[in-house]
1. Calculate, for Arg48 and Ala174, the FRET efficiency according to 1/(1 + (r/R0)^6) with r their C-beta to C-beta distance and R0 41 Å; round to the nearest 0.05.
2. Could you sort 67-76, 95-104, 221-230 so that the peptide with the highest average Cβ count within 10 Å comes first and the rest follow in order?
3. So, counting K/R as plus one and D/E as minus one, what does the shell of residues with Cβ under 9 Å around Leu72 add up to?
4. Measuring from label point to label point, each 7 Å out along Cα→Cβ, what is the Arg136 to Ser89 span in nm?
5. Within 10 Å, count the other beta carbons around each residue, average over each peptide in 114-124, 204-214, and list them highest first.
6. Name the residues whose placed amide hydrogens come within less than 5 Å of the amide hydrogen of Leu245, ignoring near sequence neighbours (fewer than 5 apart) on the same chain.
7. Restricting to Cα pairs below 8 Å that are 6+ residues apart, what does the relative contact order work out to for the chain? Please round to a whole percent.
8. Compute the Cα gyration tensor for region 152-267, then decide on rounded, prolate or oblate, letting a ≥ b ≥ c be the square roots of its eigenvalues: rounded whenever a/c is under 1.5, prolate when a/b is larger than b/c in the other cases, and oblate in all that remain.
Amino acid sequence: MPNVRLPGLPNPHSYDTQTPGVVVDRITGLVWQRNLPEKFYTFKDAQRQCDGLILAGHRDWRLPSRIELVSLLDTTRIQPSIDMVAFPSTPIDWFWTSSLAADNPTAAWYVYFYFGYPKTDDVTNSFSVRCVRSDRPPAGRGARYDVHPHEVLDLATGLRWQRAAAPKPLPFRAAGAYCDHLKLGSKPGTKSGEKPGWRVPTLVELLTLIDESAATAPMIDRAAFPDTPAEPFWTSSTFNNGSELAWYARFDQGNGLYGRLSESFRVRCVE
């Protein structure tokens with residue numbers, strides 16, 4: 001799994017649009033192309049388009065990885081699922097990422113900004129493209145996770161995860177109650193016995209655990225998260241900020257979908 005540093009994921013989006021033609025994400029440090037070409041590209045042509053882009057005085061633009069592009073998703077809205085003030089005129093399209101599918105050498109990941117989920121498709125298909133660059137140095141290539149008996153700290157995102165998933169599938173509200181009452185250790189600096197802030201992760205947070213290099217299910221680091229079932233896991237992100245549907249991430253396929261709150265899925269809590 002690429003060691004992509006996306007700090008501060010629990011924080012809301014914060015964008016700087018002062019530089020013409022680009023959007024700076026204050027949370028991740030990524031710099032995004034703001035205005036898009038009205039054209040579709042195959043995967044290879046999308047890579048060439050970004051590699052050859054000269055924008056805002058920079059030439060180091062590239063096609064974003066799956067998780068980098070996922071970080072732009074705004075699941076409180078649809079058509080498109082992105083901040084329309086920062087990214088006006090974003091088409092309701094599929095957008096290529098640089099991440100290849102581990103189980104298919106002729107497929108790559110895309111993010112669909114109509115509803116807001118990642119999936120894979122054949123590299124010969126033609127999708128939209130939004131290029132990215134960063135002024136921050138890339139994350140190191142050391143270990144991704146700091147593993148403890150019951151918790152796992154993701155060194156790339158700063159998120160602390162429950163190591164073992166809930167023992168059985170739960171409806172949406174029961175999953176929330178499960179995390180609310182979970183007691184595993186305590187945060188640094190908290191008083192002894194104080195309740196840790198465990199909660200159900202957002203869709204973007206949970207998608208950071210997807211191991212896109214895994215050719216077989218479950219698509220997650222199996223050393224850090226052993227015995228993870230290849231099943232859907234709830235997120236706290238409701239569909240279009242509504243009250244009837246919520247998003248889940250599939251660890252058998254790596255994509256995100258939405259289901260009714262009465263359906264029962266697994267949950268892995270985060271703090």
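The values are calculated or read from the model by the stated rules, or taken from the named source; none is laboratory data. Since this is a predicted model, take the numbers as computed values, not measurements. Using ideal geometry, Cβ is built from the backbone for each residue, glycine included, and neighbour counts are taken over all protein chains shown. Just so you know, the surface numbers come from the protein's heavy atoms only, side chains and all, with ligands and any DNA or RNA stripped out. Shrake-Rupley method; radii C 1.70, N 1.55, O 1.52, S 1.80 Å.
1. On the way: r = 49 Å, r/R0 = 1.19.
According to the calculation, E is roughly 0.25.
2. Values: 67-76: 22.9, 95-104: 20.4, 221-230: 14.8.
Order by mean packing, descending: 67-76, 95-104, 221-230.
3. On the way: positive: Arg130; negative: Asp25, Glu68, Asp74, Asp83.
Its environment carries a net charge of -3.
4. Output for this residue pair reads 2.9 nm.
5. Details: 114-124: 18.5, 204-214: 22.2.
Ranked by mean Cβ neighbours within 10 Å, highest first: 204-214, 114-124.
6. Residues meeting the amide H criterion: Phe239.
7. On the way: 608 pairs, mean separation 50.3, N = 271.
That works out to 19 percent.
8. On the way: a/c = 1.74, a/b = 1.15, b/c = 1.52.
Oblate shape, in that a/c is at least 1.5 and b/c is the bigger or equal ratio.
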